[in-house]
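For reference, the structure discussed in these notes is given below.
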Amino acid sequence: MPSQRHSPRARVVVVGSCSIDLIVQVDRIPGIGETVIGGKSHSAGGGKGANQAVTASRAGAAVLFVGRVGRDDFGRSVVAGLRRDRINISHVTTDAKEPTGIAFIFVGKGGENSIAVASGSNLTLGPRDVARAHGVFRRGGTLLVQLESPLRTVTAAVAAAARSGMRVILNPAPAQPLPDSLLRRVDILTPNEHEAESLTGIRVDGAAAAARAADRLRKRGVKTVIITLGARGAFVCGEGCRALVPAFKAKAVDTTAAGDVFNGALAVALAEGRPMIEAVRFGQAAAAISVTRIGAQPSAPSRAEIERLLKKGR
Ligand code: RIB
């Protein structure tokens, strides 16, 4: 993909979660009732929404984030991190009662992870917060949403974006059943293999099964489905496009947020007007860099890093 100047029209609105991730690196992830003495610990910005917002900003878009923190040190740290990444936080509100979301993350030797989330203030982000942000839902922009916020909030955001003529990208993570009325308004749905299975009942164990799952989701109204398949790449299925796009090779030390980084970068590339397969490659390159680093937001690459990897190739 040729190197391009950032388009001033790459505007991305992210509605979603923001948390603090408390991470412990372990040789192996502890089982039930087991204590494992871990290695290094880290704390960093997390939450799928904020991870996607940070990625999109570092990848070159003007990003506005709609989210909610608690009135506590974690909340202040989340907001400071978003501000450092030059994200518009005028629609990040503070909940007086609920604490900021926290995710407890174990990262194993091979980069695999196990995550438990205490959602806290993320669960009080409501349709009213979306309504208050109505001015930011403008034609030409892109909305990026995930499922760590209440479904009614996601539904309100998708409806507002669709009404305004924005592109709607829904990353259905973590998985939960979704009504067709919502899917019909989604331009691009980006499940991983587990989320695709949970939405369709089809076990997604390769490209052929991914194709069947994508067809089923398109029948329910989604325009384009991108099923991420980890190291095997991403299966893309939309109007006039049906392809398995291979992944970049990477030595994973932490796969946390690889999906978020993919989505954030994909949104930017599409907002800049790149064709679908190119945009998927842009997202894959960003995700491949992110898995070589520890942490969610600390691992999101800069625009220059993404372009370097694209130039180098797989
Ligand atoms: O997708 C990774 C994210 O999921 C982490 O940052 C954690 O906060 C959880 O929400």
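The values are calculated or read from the model by the stated rules, or taken from the named source; none is laboratory data. None of these values were measured; they are calculated from a predicted model. Every residue, glycine among them, receives a Cβ derived from its backbone with ideal geometry; neighbour counts consider all protein chains shown.
General remarks:
- Check on L199, in contact with a strand residue (DSSP E or B) (Cβ under 6 Å, 6 or more places away or on another chain), over 22 Å from K312 (Cα atoms) and either modelled with pLDDT under 95 or in a helix (DSSP H, G or I) (or both): no
- The lone criterion from (1) more than 16 Å from the ligand (Cβ to nearest atom); (2) touching a residue at least 60 places away in the same chain (Cβ under 8 Å); (3) over 24 Å from L170 (Cα atoms) left unmet by H42 is number (1).
- Test: A156 is assigned to a helix (DSSP H, G or I), small (G, A, S) and more than 24 Å from S119 (Cβ to Cβ): no
- Number of the condition not met by L178 [criteria: (1) in contact (Cβ under 8 Å) with a residue 60 or more places away in the chain; (2) part of a loop (DSSP other than H, G, I, E, B)]: (1)
- Segment 269-298: number of residues that are assigned to a helix (DSSP H, G or I), over 17 Å from the mean Cα position of the chain (by Cα) and not hydrophobic (A, V, I, L, M, F, W, C): 1
- Test result for A304, more than 16 Å from the ligand (Cβ to nearest atom), buried (at least 24 other Cβ atoms within 10 Å of the Cβ) and not β-branched (V, I, T): no
Here's the yes/no breakdown for (1) touching a residue at least 60 places away in the same chain (Cβ under 8 Å); (2) of a type in the set (S, T, Y); (3) touching a Pro at 6+ places or on another chain (Cβ under 8 Å); (4) at negative phi:
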site	(1), (2), (3), (4)
G38	yes, no, no, yes
K48	yes, no, no, yes
G70	no, no, yes, yes
T93	no, yes, no, yes
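- 3 or more residues under 23 Å from G140 (Cα atoms) and under 21 Å from the mean Cα position of the chain (by Cα): qualifying strands (runs of 3 or more DSSP E) within segment 1-107: 11-15, 62-70, 88-95
- Scanning segment 299-314 for residues that are touching a Gly at 6+ places or on another chain (Cβ under 8 Å) and in a helix (DSSP H, G or I) yields one hit, R303.
- Residue match in segment 272-281 (condition: closer than 30 Å to S43 by Cα, surrounded by 24 or more Cβ atoms within 10 Å (Cβ to Cβ), within 16 Å of the ligand (Cβ to nearest atom) and modelled with pLDDT of 95 or more): no
- Residues that are away from the ligand (no atom under 16 Å from the Cβ) and either small (G, A, S) or modelled with pLDDT under 95 (or both), drawn from segment 81-133: S90, A96, K109, G110, G126, A131, A133
- Qualifying residue in segment 289-297 (condition: crowded, with 24+ Cβ neighbours inside 10 Å and more than 14 Å from the ligand (Cβ to nearest atom)): no
- Among the residues of segment 230-262, those identified as within 16 Å of the ligand (Cβ to nearest atom) and not charged (D, E, K, R) are G230, A252, V253, T255, T256, A257, A258, G259, V261, F262.
- Filter pass, A213 being in a helix (DSSP H, G or I), of a type in the set (A, V, I, L, M) and either surrounded by fewer than 19 Cβ atoms within 10 Å (Cβ to Cβ) or modelled with pLDDT of 95 or more (or both): yes
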